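Notes for the one structure printed next.
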Amino acid sequence: MTMNRRELFKISGGIAAGLAAASTGPGLVAQSSTASNKINLSGNENPYGPSAAVLEVLNQSVTDANRYNYGIQQELVKDIAKKEGVDPEQIIFCSGSTEAIYSTMMACMSHGGEAVTSELTHGLVYQFAPATGGTVVQVPLTSGLEYDLDAMHARVTADTKLVYVCNPNNPTGTLIDGNQLRDFCTSLPEDTITLIDEAYIEYSDDFNYASMVDLVRAGENVVVTRTFSKIHGLAGLRVGYAIAPPEIAKRIATFKVCRFQGPMGVVAANVSLNDTEWQDFCRIKNKEGREVVYKLCEELDLDYVRASGNFVFFDPKMSYAEYNKRLLAQGIIGARQFPIKQDWARITIGTTEEMEVFAKALPTVIGT
Ligand code: PLP
């Protein structure tokens, strides 16, 4: 009989079940399947979920669900600030980085103006622009499907209130070199704010070099957004934050609707923040999974982009509808359609076992 993680948790009391199911990593727990029993490789979630230490604290925190618990959020914000090397006032704790991006856009564009970004990047900037009253200027990618920073720079005008850079980019997975991005940010006009969406940064090899948080520390007009949804495996608990220079942080905070997040998300984030062993494990597993996809693409002669996130973008050489249909027939949910490259596919890296299933399935899907 197989049980999903929730069932195991109920029967054995959380952490005990988590440890009993541990097999291939530090505190690794059994993986939940989707309701349809298909493997889900579509949502860029962490397939290993939260660490065992986080599950333990979550189990205990259930009984605090009746409390607002503002105090524990303040403690977490202090810890995040310490880790990022900024003052607690510079951390805007949010309901996922979605809210951090929304609030930053509102802070910069609520009187209109333009956000400059790249085509084929994360959709939130397009989704939120109408609410701000502003518009989005979309700059083409390079032929290698990378952000074209020079072309973006050239599109910045007096109307540009915000420049949005997703690094690593979703869905292409590319990472901009740290110093190249630093030069870009610091060469923009002084009143233009650059929003760096670092949702996937911890999956990149040298993420301290790649992150722009040092520019925030240096007082540049840069806002960095981060999330506990990806490498921390807490997408369902909706915790993320923005890191901003003090004056911009104050403005961003005024656009937040709720002053504090749910206590379970906060306690989970608190433990996960310092659980570097778990993050290292997830980073290594993810890298192995990316290599599986690269190898497959090479064997099947498919174009792909080398990635720094927990997903790989490749060309299955067939229509989106056909790829989706064939992948589903193999028991895998994985197809997502993106503008510009509508027939390219993004596959989220799953567990080692899920990637083995994908590796067996892809040649059949491609038709070799
Ligand atoms: N930014 C990027 C690039 C994403 O891919 C996502 C979600 O997938 C988000 C932000 C929002 O994530 P969350 O609100 O869960 O932090």
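Some notes on this structure:
- Sites ALA151 and SER110 - FRET efficiency at Förster radius 25 Å, r taken between beta-carbons, to 0.05: 0.40
- Taking a straight Cα-Cα cut-off under 19 Å and skipping sequence neighbours fewer than 8 places away in the same chain, the aspartates and glutamates within cross-link reach of LYS38 are GLU7, GLU322, GLU353, GLU354, GLU356.
- Volume of the Cα convex hull of the chain, divided per residue and given in Å³: 133
- Dipole of the chain computed with +1 at Lys/Arg Cβ and -1 at Asp/Glu Cβ about the Cα centre; of VAL62, SER308, GLY96, farthest Cα towards the positive end is VAL62.
- Simple label model, 7 Å out from Cα along Cβ direction - LYS325 to THR276, nm: 5.1
- Ordering PHE338, LEU149, GLY233 by the projection of their Cα atoms onto the charge dipole of the chain, which places +1 on the Cβ of Lys and Arg and -1 on the Cβ of Asp and Glu, puts GLY233 at the extreme positive end.
- ASP343/GLU247 FRET efficiency (R0 35 Å; Cβ-Cβ; nearest 0.05): 0.20
- Solvent-accessible area assigned to carbon and sulfur over the chain amounts to 50 percent, based on a 1.4 Å probe.
- For region 68-273, the number of Lys pairs separated by eight or more positions or lying on different chains, with C-alpha atoms closer than 26 Å, is 12.
- Each part reduced to its alpha carbon centroid, region 64-84 and region 194-210 end up 23 Å apart.
- Our estimate of slack between LYS295 and VAL357, defined as 0.36 nm per intervening residue step minus the Cα-Cα distance, is 20.9 nm.
- Across ALA210, ALA158, ALA115, mean-square fluctuation computed from a Gaussian network of the chain (C-alpha pairs under 10 Å connected) peaks at ALA158.
- Beta bridges assigned by DSSP with both partners in the chain are antiparallel in approximately 40 percent of cases.
- Prolate/oblate/rounded call for region 267-368, Cα gyration tensor, a/c under 1.5 rounded: prolate
- Protein heavy-atom accessible surface, 1.4 Å probe, per residue over the chain: 43 Å².
- The chain - mean residue ellipticity at 222 nm from DSSP helices (-39,500 (n - 2.57) per run, n ≥ 4, rounded to 500): -12500 deg cm²/dmol
- Leading residue at positive end of dipole, the chain (Cβ point charges), from PHE128, LEU328, GLN180: LEU328
- Simple Cβ-charge dipole of region 68-273, Lys/Arg +1 and Asp/Glu -1, about Cα centre, in debye nearest 20: 820
- Under the shape rule built on the C-alpha gyration tensor, where the axes satisfy a ≥ b ≥ c, region 42-97 is oblate, since a/c reaches at least 1.5 while a/b does not exceed b/c.
- Whether region 28-141 is rounded, prolate or oblate, judged on the alpha carbon gyration tensor where a/c under 1.5 counts as rounded: oblate
- Remark: the chain carries a charge dipole of roughly 1200 debye about the Cα centre, counting +1 on each Lys and Arg Cβ and -1 on each Asp and Glu Cβ.
- Mean projected area of the convex hull spanned by the Cα atoms of region 68-273, taken over all viewing directions: 10.3 nm².
- With the biggest extent put first, the Cα atoms of region 236-317 measure 51, 28, 23 Å across the principal axes.
- For region 221-368, averaging the sequence separation of C-alpha pairs within contact (under 8 Å, six or more residues apart) and dividing by the residue count gives a relative contact order of 18 percent.
- Beta bridges per DSSP with both ends in region 68-273, % antiparallel, nearest 5: 30
The values are calculated or read from the model by the stated rules, or taken from the named source; none is laboratory data. What you are looking at is a predicted structure, and each value in this text was computed from that prediction instead of being measured. Ideal geometry is used to build each Cβ from the backbone, glycine not excepted, and the neighbour counts take in all protein chains shown. Just so you know, the surface numbers come from the protein's heavy atoms only, side chains and all, with ligands and any DNA or RNA stripped out. Shrake-Rupley method; radii C 1.70, N 1.55, O 1.52, S 1.80 Å.
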